[in-house]
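Student: Following this message is one structure expressed as structure tokens.
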Amino acid sequence: MRQELAAIDLNQIKDPLARQGMVLLMNLVEELSAENQHLRAENQELRDEIKRLKGEQGQPKVKPEKKNKGEGEDKGEGKGEAPAHSSEKERRQPTVWKKEGKVAEIKIDRTEVLVVPPSELPADAEFKGYEEVVVQDVKVVTDNVLFCKEKYYSPSQGQSYLAPLPPGYVGQFGPGVRAFVPVLYFGCQMTEPKIVELLANFGVQISEGQVSNLLIHNQERFHEEKREVAAAGLQSSTWHLADSSSMRINGQNAYVHALANPWYTVFTTKWRKDRQAWLEVVQQCDTLRYRLNAEALRLLAELGLSAKKQHHLAALLAEQGEELEWNKEEFDAWLETHLPGLGPQQRQRVLDATGIAAYHAQTTWPVISILGSDDAPEFNHLAALHMLCWVHDGRHYTKLTPFLPQHQEILAAFRKDYWKFYHRLVAYRQMPTVDENQRLRSDFQALFTRQTGYLALDERIALTLAKHRHLLVALDHPQVPLHTNQIERDLRTWVRRRKISSGARTLAGAQAWDTFLSLAVTARKLGVSFYHYIYDRIAAINQMPSLAELVTTRTLAAHQTQQALAPP
């Protein structure tokens with residue numbers, strides 16, 4: 001049947017009604033094919049589950065062979081497996097790889113002159129200088145110290161006086177070990193047993209419990225530095241990226257929330273993934289304020305609170321004559337008095353609207369102007385502008401798997417035009433002009449109002465068109481990226497840590513994950529040695545500027561450069 005339908009040329013059908021009927025028939029075939037594919041996959045899952053319940057094994061998941069470059073199929077596509085939904089091959093333009101020398105970046109610790117043995121030189125040999133060769137090496141040695149602390153006793157005072165240990169020496173371990181352990185765990189993604197094994201090879205006697213203590217306890221200074229990084233990062237730019245991932249704390253489900261731009265990344269773990277959790281993240285707090293004002297009333301209408309409840313709240317605000325604000329306990333009591341019987345959904349909408357209004361009105365933390373995300377609903381309304389990721393939107397088109405060759409050709413042609421338009425946006429960000437701005441808006445409208453005749457594709461195109469405000473933010477704000485790949489790469493650091501350790505065992509452990517992974521990723525973005533930074537703080541040297549200061553310095557320099565390069 002597929003071959004027969006593939007042979008049909010719709011352009012040869014002269015009768016409009018017959019042509020329309022054939023289009024409907026072909027889309028019906030696509031719908032039934034997609035439904036059949038879904039039912040087959042679901043049926044196999046049920047078969048596998050029945051086998052597992054009987055103590056047997058389900059169908060093995062065998063990955064297909066990788067296709068050679070140029071074969072024209074996405075990686076991961078093969079028999080019995082859905083195609084990969086990556087857009088890298090279409091989105092990325094080919095670049096020429098060129099190896100760059102790094103000798104100039106290597107710190108020289110010592111210089112050694114190597115001589116040619118005189119016995120090997122002929123009588124007429126002339127000295128022509130030196131040929132320099134840089135060789136990198138490391139030397140790991142212990143620095144175990146026996147401290148003899150002076151001790152005095154005063155009979156008159158009845159008190160002993162003991163010489164203190166130098167800064168950075170606490171308990172059985174000095175600053176080198178105390179800095180090395182978190183770098184190995186968070187920076188190098190090692191497990192606690194492997195850290196113990198590595199240190200034992202160097203002659204350091206330490207237990208897994210002691211490693212855990214060095215990672216978690218007495219880290220208040222670093223927790224404060226992470227909070228300072230968040231404040232400096234939020235102040236550094238008008239735009240930020242946001243994303244979330246799952247997390248487990250002592251076997252219970254939680255979520256890690258990431259907030260970032262090119263100069264910083266901050267991770268914050270919360271029990272929830274809703275808008276209330278994100279309001280806590282952007283303000284780095286555990287308790288929220290709630291404010292009833294004109295903005296809250298507008299948000300309540302957009303969030304879908306019943307008209308009756310909206311009018312009642314508007315009347316209460318007008319009667320009061322001024323904006324109202326509460327903490328959580330006060331607001332709960334106020335709602336019980338003035339809006340009794342609110343259902344869970346209606347109550348959540350009131351909390352979200354008043355929480356956002358309070359966030360926008362506060363002056364303690366910078367308010368995000370432009371927030372980029374993957375279109376998760378909890379990000380809506382948090383910022384004045386919500387930027388959506390083109391890569392995430394493009395993946396929806398990759399997920400379409402047409403059955404008929406005609407529809408496959410239509411989809412391939414549209415995806416080509418899709419990424420061609422994307423590359424025009426990339427070029428526009430480099431050199432924005434008013435004329436190109438208008439052309440891109442007009443061409444976006446033309447591209448995403450296209451009717452292809454392939455129903456599933458036309459429905460997907462309409463969904464993209466509905467998001468035009470969020471996808472075209474870069475036209476008015478060229479500094480904003482077109483995708484959220486950056487924060488997804490940052491979040492992979494956390495995901496790798498989670499895969500290795502299966503989550504934190506305590507709240508204190510989760511807080512340590514938040515703090516040190518935030519500092520590690522931010523240090524990497526700023527080009528700072530994570531180990532040297534941690535050691536500088538633990539040893540109380542304090543010669544390195546804080547990461548927050550570096551974030552501020554780098555962003556100021558970047559903004560000055562951008563202004564200097566901007567066209568007059």
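Student: If packing is taken as the mean number of other Cβ atoms within 10 Å per residue, what is the order of 280-288, 317-325, highest first?
Tutor: Result, highest mean first: 280-288, 317-325.
Student: Rounded to whole Hz and in sequence order, give me ³J(HN,Hα) for the stretch 333-341 from the Karplus expression 6.51 cos²θ - 1.76 cosθ + 1.60, θ = phi - 60°, writing x for Gly and Pro.
Tutor: These are the phi-based 3J(HN,Hα) values: 5, 5, 5, 4, 7, 9, 9, x, x Hz.
Student: Mind checking the alpha-carbon convex hull of the stretch 285-364 and giving the volume per residue in Å³?
Tutor: In the stretch 285-364, the Cα hull volume divided by residue count equals 90 Å³.
Student: Direction-averaged shadow area of the convex hull around the Cα atoms of the stretch 390-476, nm²?
Tutor: Reported value for the Cα convex hull: 5.3 nm².
Student: Separate question: Could you tell me which residue out of His407, Ala125, Ala548 lies farthest along the dipole of the chain toward its positive end? Charges go on the beta carbon: Lys and Arg +1, Asp and Glu -1, centred on the Cα centre.
Tutor: Farthest along the dipole direction, towards plus: His407.
Student: Looking at the chain, what % of its DSSP beta bridges pair antiparallel, to the nearest 5?
Tutor: On the way: 26 of 34 bridges.
Looking only at bridges with both residues in the chain, the antiparallel portion is about 75 percent.
Student: Say the cut-off is 30 Å between C-alpha atoms; which of Lys273/Lys399; Lys416/Lys467; Lys149/Lys226; Lys399/Lys525 go over it? It would help to have the intermediate numbers written out before the result.
Tutor: Values: Lys273/Lys399 26 Å; Lys416/Lys467 20 Å; Lys149/Lys226 35 Å; Lys399/Lys525 33 Å.
Distance filter (> 30 Å) returns Lys149/Lys226; Lys399/Lys525.
Student: Something else now. In sequence order, what are the phi-derived ³J(HN,Hα) couplings for the stretch 344-351 according to the Karplus relation 6.51 cos²θ - 1.76 cosθ + 1.60 with θ = phi - 60°, rounded to whole Hz, with x for glycine and proline?
Tutor: x, 5, 5, 5, 5, 5, 5, 4
Student: For a quick check: with amide H placed at 1.01 Å from N, whose amide H comes under 5 Å from Ile249's, ignoring anything fewer than 5 positions away on the same chain?
Tutor: Amide H neighbours of Ile249, under 5 Å, 5+ apart: Ala254.
Student: At a Förster radius of 30 Å, what calculated FRET efficiency corresponds to the Cβ-Cβ distance of Glu302 and Lys399, to the nearest 0.05?
Tutor: Using R0 = 30 Å, I get an efficiency of 0.55.
Student: Given the Cα-Cα distance of Asn201 and Ala462 and 0.36 nm per residue of separation, how much length would full extension add, in nm?
Tutor: 87.8 nm
Student: With each run of n ≥ 4 DSSP H residues scored as -39500 (n - 2.57), what mean residue ellipticity at 222 nm is computed for the chain after dividing by its residue count and rounding to the nearest 500 deg cm²/dmol?
Tutor: Using -39500 (n - 2.57) per qualifying helix, the result is -16000 deg cm²/dmol.
Student: Whole-Hz ³J(HN,Hα) for each residue in the stretch 394-400, computed from phi via Karplus 6.51 cos²θ - 1.76 cosθ + 1.60 with θ = phi - 60°, x for glycine and proline: what do you get?
Tutor: So the Karplus estimates, Gly and Pro as x, are x, 5, 4, 6, 5, 6, 5 Hz.
Student: Restrict the search to the stretch 132-240; then list the GluC sites (Glu not before Pro) that DSSP places in a loop and that have at most 12 other Cβ atoms within 10 Å of their Cβ.
Tutor: Those satisfying the criteria are Glu132, Glu150.
Student: Could you tell me how far the Cα centroid of the stretch 376-434 sits from the Cα centroid of the stretch 231-274, in Å?
Tutor: The stretch 231-274 and the stretch 376-434 have Cα centres spaced 25 Å from each other.
Student: Let me see the pair-distance distribution of the chain: every alpha carbon pair, 10 Å bin width, integer percents in order.
Tutor: Pair shares across the bins are 3, 12, 17, 21, 20, 14, 7, 4, 2, 1, 0, 0.
Student: Using modelled backbone amide H atoms (1.01 Å from N, in-plane), which distant-in-sequence or interchain residues come within less than 5 Å of Met387's amide H?
Tutor: Leu371, Gly372, Ser373
Student: Can you list which of the chymotrypsin sites (Phe, Trp or Tyr not before Pro) found in the stretch 146-197 are DSSP loop residues with at most 12 other C-beta atoms within 10 Å?
Tutor: Filter output for the stretch 146-197: Phe147.
Student: What does the charge count around Glu325 come to, taking other residues whose C-beta lies under 12 Å from its C-beta (Lys +1, Arg +1, Asp -1, Glu -1)?
Tutor: The answer is 0.
Student: Principal axis extents for the stretch 179-234, Cα atoms only, whole Å, descending order, please.
Tutor: 42, 20, 15
Student: In the stretch 102-119, which residues have a backbone nitrogen under 20 Å from the label point lying 7 Å from Val135's Cα in the Cα-to-Cβ direction?
Tutor: The answer is 102-118, whose backbone nitrogens lie closer than 20 Å to the label point.
Student: Taking 8 Å as the Cα distance limit and 6 or more residues as the minimum spacing, I'd like the relative contact order of the chain as a percentage.
Tutor: Relative contact order of the chain: 20 percent.
Student: Taking the Cα centre of the chain as origin, sum charge times position over the Cβ atoms of Lys and Arg (+1) and Asp and Glu (-1), and report the length of that vector in debye to the nearest 20.
Tutor: Details: 69 positive and 70 negative charges, 146 e Å.
The calculated dipole for the chain is roughly 700 debye.
Student: What are the residues whose amide H is under 5 Å from the amide H of Asp243, where those residues sit 5 or more places off or on another chain and H is modelled from the backbone?
Tutor: Residues meeting the amide H criterion: Ala258.
Read-outs throughout are calculated quantities, based only on the coordinates presented, and are distinct from any laboratory measurement. Please read all numbers here as calculations on a predicted model, not as lab measurements. Here the Cβ is made from the backbone with ideal geometry for all residues, glycine too, and neighbour counts use every protein chain on show.
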